[in-house]
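Working notes, beginning with the structure itself.
The values are calculated or read from the model by the stated rules, or taken from the named source; none is laboratory data. From a predicted model like this one, the values you see are computed outputs, not experimental measurements. Heads up, the Cβs are rebuilt from the backbone with ideal geometry, glycines too, and the neighbour counts pull from every protein chain shown. Surface areas here come from the heavy atoms of the whole protein model, side chains and all, with no ligands, DNA or RNA. Shrake-Rupley method; radii C 1.70, N 1.55, O 1.52, S 1.80 Å.
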There are 2 protein chains.
Amino acid sequence: MNSPTPPDAVVRAWARLERAHRTAQSTVEARLKKAGLPPLAWYDALLELERADPAGLRPFELQKEMLFAQYNLSRLVDRLEAAGYIARSASEEDGRGQRLTITKSGRAIRRRMWPVYADAITAAVGSRLSESEATTLGDLLGRLYASA
Amino acid sequence: MNSPTPPDAVVRAWARLERAHRTAQSTVEARLKKAGLPPLAWYDALLELERADPAGLRPFELQKEMLFAQYNLSRLVDRLEAAGYIARSASEEDGRGQRLTITKSGRAIRRRMWPVYADAITAAVGSRLSESEATTLGDLLGRLYASA
DNA sequence: TCCATATTGATGCATTTGCATTTATATGAA
DNA sequence: TTCATATAAATGCAAATGCATCAATATGGA
């Protein structure tokens, strides 16, 4: 609520965050699509589920993990289920809730996506920064969403 | 096409680019909305037009500047025009083209948006990084979309 | 000049996102 | 126990995005 103009360096970092993200993002999505694979968000969701307990995740957990809006996650889950990549089952602990688990074919598609995704990450980031630069970048970006 | 897994630091930087962007973006959009102001993209477009020649910009120029898809820009322009913030006129040099200029009320709304936007940038970036960190971040992000 | 090709911008249609609200269950205080 | 409130998840409807394509003009050879 004060609104002194932020320092130039800050505004520049913000603006470039936008641009860099948009550029990298569209590289990745374009390559996935070109390979006839599902979009990035599907990968992320499947990876989270694959990493999770065999018991799976509650939708709201996945939602927080992915920083998705609740209604968007609900629909992403619809699509993943319709595609047969995940299964929904009623939660035992909580009558309101569900539990999501990855299916065999979910694992398979995630595995098939990875090489394409990996190449895209290389194109978008790896080929442009040294490892130590990437580390620095990752650290600084991490600060932008650290809770405190 | 090779697909060796990229170094960890690279994957981490990519993942954090996503998260940081999503977080910062939603902070900014939420604050603009809460203040009853138009979305971020409107600001960007208006700023570009305000910075441009008094003669304005061609849609395709704005499109490149903003890294927007052509059809998205076309519709953004529709909305801005409908809101009275920009004016379209036929291009003199090119019979296919148009020329976009910002209107008085376009300037006004952009000016009204700035304090809210500035605060949001501070919240999302400025309050989390020192100026020199912001500079480093900006430099590294710039590399992610440098043409070469 | 004429034509094949490229560029500018718009648009119909499908998908996705955003918003507001709803349904159902859980929780905690009186 | 009972009720007010909070949380989990879904959904109807509107707005935005993505995709493919189109119409109109430009451009650069043959």
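Among all residues of the stretch A:57-65, there is at least one that is surrounded by fewer than 18 Cβ atoms within 10 Å (Cβ to Cβ), more than 14 Å from DNA strand C (Cβ to nearest atom) and away from chain B (no Cβ under 14 Å). Among the residues making up the stretch B:32-56, a single one is assigned to a helix (DSSP H, G or I), within 12 Å of DNA strand C (Cβ to nearest atom) and touching an Asp or Glu at 6+ places or on another chain (Cβ under 7 Å): B:Leu40.
Per the conditions (1) loosely packed, with under 14 Cβ neighbours inside 10 Å; (2) at pLDDT below 95; (3) within 12 Å of DNA strand C (Cβ to nearest atom), the sole criterion not satisfied by B:Tyr71 is (2). Could you go through the stretch B:17-26 and let me know if any residue there is at the interface with chain A (Cβ under 7 Å from one of its Cβ atoms), more than 18 Å from A:Ala146 (Cα to Cα) and hydroxyl-bearing (Ser, Thr, Tyr). Among the residues of the stretch B:17-26, not one is at the interface with chain A (Cβ under 7 Å from one of its Cβ atoms), more than 18 Å from A:Ala146 (Cα to Cα) and hydroxyl-bearing (Ser, Thr, Tyr), which makes the answer no. The condition (being small (Gly, Ala, Ser) and either touching a residue at least 40 places away in the same chain (Cβ under 8 Å) or touching a strand residue (DSSP E or B) at 6+ places or on another chain (Cβ under 7 Å) (or both)) is satisfied by just one residue among A:Ala20, A:Ala108, A:Ala24, A:Ala15: A:Ala24.
Which one of these is over 24 Å from B:Thr23 (Cβ atoms) and more than 14 Å from chain B (Cβ to nearest Cβ): A:Ser74, A:Ser132, A:Ser105, A:Ser127? Only one candidate qualifies: A:Ser105.
Does A:Ala146 count as open to solvent by 40 Å² or more (accessible area, probe 1.4 Å), under 18 Å from the mean Cα position of the chain (by Cα) and of a type in the set (A, V, I, L, M, F, W, C)? Yes.
When the stretch B:77-136 is filtered for residues that are within 16 Å of DNA strand C (Cβ to nearest atom), assigned to a helix (DSSP H, G or I) and open to solvent by 20 Å² or more (accessible area, probe 1.4 Å), the ones remaining, listed by number, are B:Asp78, B:Arg79, B:Glu81, B:Ala82, B:Val116.
A:Val28 passes every criterion in (1) away from DNA strand D (no atom under 13 Å from the Cβ); (2) surrounded by 18 or more Cβ atoms within 10 Å (Cβ to Cβ); (3) farther than 17 Å from A:Tyr85 by Cβ apart from (1).
Criterion applied to B:Leu62, B:Leu100 was being modelled with pLDDT of 95 or more, more than 9 Å from DNA strand D (Cβ to nearest atom) and under 23 Å from A:Ser26 (Cβ atoms), and the one residue passing it is B:Leu62.
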